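Novice: Structure in structure tokens, see below.
The values are calculated or read from the model by the stated rules, or taken from the named source; none is laboratory data. Please read all numbers here as calculations on a predicted model, not as lab measurements. Heads up, the Cβs are rebuilt from the backbone with ideal geometry, glycines too, and the neighbour counts pull from every protein chain shown.
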Amino acid sequence: MPFKQMIDISYNNNLNQRRNIMDTNTLKGNWHILKGKIKQQWGELTDDDLTKIEGDAEELIGILQKRYSYTYEKAKQEVEKFQ
């Protein structure tokens, strides 16, 4: 694999990791505001689910998979669209 291609792949991986951290920070930082909107978006989520999620994007993805039978990718896309 050419060196430039390896650098591009590394850069994109780092960028994606930073985006994931930003998404999680955004969710955690605005959690008290977002809880109501999340409940409107996904009405099957319970108050216990929201307490368990507590701003953690990965936890939200997992609970969406469970409640809505989403694949991981589908749940992740839904969370990204929501944010």
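Novice: List, please: which pairs have Cβ atoms under 7 Å, are six or more places apart or on different chains, and start with a residue in segment 35-60 that is of a type in the set (V, I, T) and end with one that is modelled with pLDDT of 90 or more and surrounded by 14 or more Cβ atoms within 10 Å (Cβ to Cβ)?
Specialist: Matching pairs, first to second residue: I38/L45; I38/L50; I53/E59; I53/L60; I53/I63.
Novice: Within segment 49-83, track down each residue that is at positive phi and surrounded by fewer than 18 Cβ atoms within 10 Å (Cβ to Cβ).
Specialist: E54, S69 - these are the residues of segment 49-83 that are at positive phi and surrounded by fewer than 18 Cβ atoms within 10 Å (Cβ to Cβ).
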